[in-house]
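No lab work stands behind these numbers, since they all come straight from the coordinates. Keep in mind that this is a model prediction, so the values were computed, not measured. All Cβ positions, glycine included, derive from the backbone under ideal geometry; neighbour counts span all protein chains shown.
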Amino acid sequence: MKHLSEFRDPSLSRSLLARLRTTATRPARIMEVCGTHTMAIFHHGLRSMLPQGVELISGPGCPVCVTSGGDIDAFIKIASRKNVRVAIFGDLLRVPGNNGSLADAAASGAKVELVYSAMDALALAEKYPEELIVFLSVGFETTSPTVAATILAASQTETRNFCVYTSNKTIDPALELLLNDPDLQLDGLLCPGHVATIIGAHAFVPMAQRFKIPCVIGGFEPADIISALLLLLEQVNEGRHEVENGYERAVSWQGNPRARELSAKVFSKGESSWRGLGLLAKSGLTIRDEYSRYDAKERLGITAKEVPEPAGCLCGAILRGQKQPPHCPLFSKGCTPASPIGPCMVSSEGTCAAWHRYGGQQ
Ligand code: SF4
């Protein structure tokens, strides 16, 4: 197994690119599922180096981008309540809802704290015993075990002034929806390395078989990404549709069963509303009844309502792989990272943010 330093060696990337060019003998549309891949691909200028005919489509793997407008509005409502302090990951701060953003709410006096983990949010409960700390939780399978562990810790310490609003999602139902879209015509999936550390490479086998689509798990260094694309194109050429693990230094075939157990102890699967994809069954995580005292939706009686996309914003179509940021009339004009209209321009993993920051085919 190669070490991280080898994957950072530009000579490895160059030799893999040369192989990629000779392997790309036919057009191929590959979806990079994960927002971290999108950002890494733009950051390293990989799009401009790809052989002609190999097209990368950004997928629905940016957790902030797929959080529904209704959930964003609910976050802002919660933050505006008396004696409530919300704890969030930084990317959520400036996502616009129908009535401003959490940053606007903070400017109007709401108590909003940026945290790096759910455990940081739980620590706030001790620091502010007179307030209810609400952790606004977004993320995929990588994040949910840590949120589950935090809820278990709150239960063990009998912390009463802490709860979680879950908008956590699982990636499979969204991918299945996209793979059923006859207009998308994908030839392969560059599967998310972070999620795969938890669910394991084996979790993609049913999808590869059902949709007859090559699936390769990739890491995030340039050579990781190019070598994953190479494996995908080899499968396309040979008419195979298998799961291959191109990120063996982090991902195992079985993943992390302990993390999955933790998640399953606290959460059950339920429907979840996705920006751009709508309501998807078994795609969200709901806090089990046993831990309902830590469920902010129950505790605060908050229900997210469906809300339309911001006028003119194409985030939904971008998350479905149907449009690219330059198709949006607001891109880099009315909508910029300094003044975002949709979440895809706010998040550090958002496709619009990547296009704006690194430009066009970079
Ligand atoms: Fe939405 Fe802005 Fe992207 Fe257009 S450029 S799709 S308004 S986030």
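Points worth noting:
- Student exercise, segment 286-362 dipole from Lys, Arg, Asp, Glu Cβ charges, in Debye to nearest 20: 220 debye
- Signed unit charges on C-beta, dipole axis of segment 212-352, positive-most listed residue Q235, Q322, T286: T286
- Neighbourhood charge, 13 Å Cβ-Cβ cut-off, centred on A338 and excluding it, Lys, Arg +1 and Asp, Glu -1: +3
- Centroid-to-centroid separation of segment 64-79 and segment 95-174 [C-alpha atoms, Å]: 12 Å
- Label point distance in nm, E158-S268, each placed 7 Å from Cα along Cα→Cβ: 2.7 nm
- Partners for K82 among lysines (Cα-Cα distance below 30 Å; same-chain residues under 8 apart left out): K111, K127, K169, K297, K305
- Listed peptides 189-197, 247-255 appear in the order 189-197, 247-255 once ranked by packing, highest mean of other Cβ atoms within 10 Å at the front.
- Gain on full extension, evaluated as 0.36 nm per residue between K82 and A311 minus their Cα-Cα distance, stands at 79.3 nm.
- When restricted to Cα atoms, the chain yields an Rg and a Dmax of 20.5, 65 Å, respectively.
- Burial ranking of peptide ranges 118-128, 132-142 (average Cβ count within 10 Å, highest at the top): 132-142, 118-128
- Each label point was placed 7 Å from the Cα along the Cα-to-Cβ direction; for V205 and E55 their separation is 3.3 nm.
- For segment 85-189: rounded, prolate or oblate by the Cα gyration tensor [a/c cutoff 1.5]: oblate
- Distribution of pairwise C-alpha distances over segment 229-290, 5 Å bins, in %: 4, 14, 13, 12, 13, 18, 16, 7, 2, 1, 0
- Taking the centroid of alpha carbons for each part, segment 222-263 and segment 186-203 are 6 Å apart.
- For segment 73-114: rounded, prolate or oblate by the Cα gyration tensor [a/c cutoff 1.5]: oblate
- Simple point charges give the picture: +1 on the Cβ of Lys and Arg, -1 on the Cβ of Asp and Glu, and for the chain a dipole about the Cα centre of about 320 debye.
- Here segment 85-179 is assigned +1 on the Cβ of each Lys and Arg and -1 on the Cβ of each Asp and Glu. Its dipole about the Cα centre then comes out at about 180 debye.
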